[in-house]
Each structure stands twice: as structure tokens, then as C-alpha cells.
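See below for the structure under consideration.
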Amino acid sequence: MNTNINRRSLLALTGTTVLATPALAAFPDRPVRIIVPWPPGALADVVMRSIAQAMQGPLGQPVVVENRPGATGALGTEFVARATPDGHTLILGNAETHAINPLVYRRLAYNPVTDFQPVSLFARAPFALAVGQAMGVNDLAGFLAKLREAPGRVSYASWGVGSTSHLTMELLLKAAGLEALHAPFTGQAPGITAVIAGQVDAMFLTAGGAEAASRDGRVKLLAVSAAERVALLPNVPTLREAGVPVEGGNWFGVLAPARTPMEAANKLAQAIAEAARVPAVMEVFRGQAAVLSTNAPDAFGRFIAEDRTRWEAPVKALDIRID
């Protein structure tokens, strides 16, 4: 066997090795973990799990969803902000974590702009106003009349101070010149459970969750806070139709820690776009009244900045500050 290698052959071999290195470090090279910073069972968790399962094919790796709830999404979001920026640990972000929390928390443990690399938006969620049977009202006008009769005594649930659920109700109250008592819960599920049990009078929640809660008649849906009627709730008018020009809802998207390579972010965004076209995923979204909406990392970054600007005025007007 000839073991002599001349200089030209050595350079050729070295060049081949250098060219082959990126293939050896192909992303992802192990399971991808997506942190959902809210309790299981709500819309965010349900749609994220459907998308995650469908992402496994395009990525060629398992995609695991892990719940880390607390502080209107801030705890799980901070965890991902400090994770290794290699694209294998991601956060399910929404309006609270990346647009509203920076406006309401005096000391937020993460920076929504500098600590994250946007990957892709994947859903928008309109809200519906649900009231318990004890309210004895059938439409928005009746609900507003009850508020006028008992200023500050009618209560409403939300999934946290400064949440989109809280702010949407406050926008309605401000537009109508009325007051109500806020009862924050740790998630959508415990909030609407309290409404069903008669412990709280009303709540803005995702339209899909509202539809499910209304099936047995224990809550009444009065309006949706969307620009137009929701397909899942065709007989429920919009707030605007009912005479109150207010819109409110949420969005959901995936972000990675800052300094995550753009190659990884783009591959993840492509996997999300492919997952969104899977019929089983589309069916889950229809059942949750969620609107599929995907985009590229740069477009998602612009979307978040615009949403933060949109919420800034109502947060300031309501003077919501959390220490």
C-alpha cells in the first residue's frame, strides 16, 4: 500500500473535509423543544401541539412541547431567552409575551426584542364575550345595561393582569364608559370555569374556547371582538355590529433565543409553513376558530413591533403597571 501523500493531495483532502463540515452539523441534529408558557388545554397549547407534530416530518426530528406557565407567560419566555441559541429550544410567543408584557412589567426578566430571534407567526385568534346564566342577558345591550345598574359590581375573568383578555374587556368598558370588577386567573380554562360556576359574571376568551363552553347552554355568547363574524360562531355578532367599535384578540408564533443562526430560523419557519398545510392541522385550527397565518422571520419581527405599538396606547390609558 502506498502511504505517501504529496502536498497537492493533502490540500485536496483538506478542502474536501472543509466542504463536508456543514453537512455534519446539519440542523436539527436532535429533538426540538417548544416551550408553551401557559397551562395545557387552552388554544395556545392545542394549536401548538398540532403544529409541532406536523413539523416532525420536515425537520426529521421529534418536536416536543413542554408547558412552563406563570406570570402571563413571562416565566417560560425568560427560560427560552437564556437557552442555548442553536434552534433546539423555542418559545411559543404571543401578544402578551412579546408585545404587552414589556409595557406593563416594570422589571421584566427578558427583552422581547434583543433576547429573541423571530421564527414565524402561525395563528391569530379572535375573542368572544361569554356571560354566565346568572347574568340573565341575551345580548351585548343587556350586558351593558347590567353594568350601568351596578357600577363596579359586575365581575369579569381574564387569564392575567395585562393579558389580551383583560385589555379587550377594558377597551369595551372604556368605549361604553362603564366599570367592572376584574378577577384575574392563571389561564383561560380556570377563568371560564369560574364563569360557568357563577363565581364570575363574564369573560373574553378565544372564540373556539367560548364555543365549546357554550354548547351545553351554561354560558351565553354575546359578541366577538373581531373585524367580522367568526365562521365557528356565525350567529354571534361582532362588537362593532352591536354598536361598540372595539376589536381584540391574540396571535401565536414561534421564536428562538437571540443569536440563533438564520439558517436554523429559516428552516424552522419553512417547517411551520409546511405543517400549516397538513389537513389534520387545518381541522384543529377550524375547531379552535384559529386563523392560520404564517410568515418568514423578518416579517414576523416587523409584525411583533407593530403589535407592541398597537397595545401601547390602551396600556398607558389604563395605567397598568406590574412590579
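The values are calculated or read from the model by the stated rules, or taken from the named source; none is laboratory data. Since the model is a prediction, treat every value here as computed from it, not as a measurement. When we count neighbours, we look across all protein chains shown, and the Cβ atoms used for this are built from the backbone with ideal geometry, even at glycine. We work out accessible area using only protein heavy atoms, side chains counted, and drop any ligands, DNA or RNA first. Shrake-Rupley method; radii C 1.70, N 1.55, O 1.52, S 1.80 Å.
Here are the numbers for this structure:
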quantity: Only one of A20, A26 that is among the small types (G, A, S), surrounded by fewer than 17 Cβ atoms within 10 Å (Cβ to Cβ), at pLDDT below 90 and not in a helix (DSSP H, G or I); calculated: A26
quantity: Within the stretch 36-53, tally of residues that are surrounded by 19 or more Cβ atoms within 10 Å (Cβ to Cβ) and among the polar types (S, T, N, Q); calculated: 1
quantity: Helices (runs of 4 or more DSSP H) (entirely within the stretch 72-169) containing at least 2 residues that are free of Cβ contacts under 8 Å to residues at least 12 places away in the same chain and open to solvent by 20 Å² or more (accessible area, probe 1.4 Å); calculated: 140-149
quantity: Within the stretch 54-71, tally of residues that are part of a helix (DSSP H, G or I), in contact with a strand residue (DSSP E or B) (Cβ under 6 Å, 6 or more places away or on another chain) and open to solvent by 50 Å² or more (accessible area, probe 1.4 Å); calculated: 1
quantity: Selection count where residues are among the charged types (D, E, K, R) and either farther than 26 Å from Y110 by Cβ or modelled with pLDDT under 95 (or both), scope the stretch 252-280; calculated: 2
quantity: Residue check for L75: of a type in the set (A, V, I, L, M), touching a helix residue (DSSP H, G or I) at 6+ places or on another chain (Cβ under 8 Å) and farther than 16 Å from W311 by Cβ; calculated: no
quantity: Residue in the stretch 165-192 that is farthest from the chain's Cα centre (by Cα), counting only those that are modelled with pLDDT of 95 or more and among the polar types (S, T, N, Q); calculated: T168
quantity: Residues of the stretch 140-181 satisfying the condition of being farther than 23 Å from G249 by Cβ and touching an Asp or Glu at 6+ places or on another chain (Cβ under 6 Å); calculated: P151, G152
quantity: Top-ranked residue of the stretch 281-296 - restricted to ones that are within 11 Å of L43 (Cβ to Cβ) and in a helix (DSSP H, G or I), ranked as modelled with the lowest pLDDT; calculated: G287
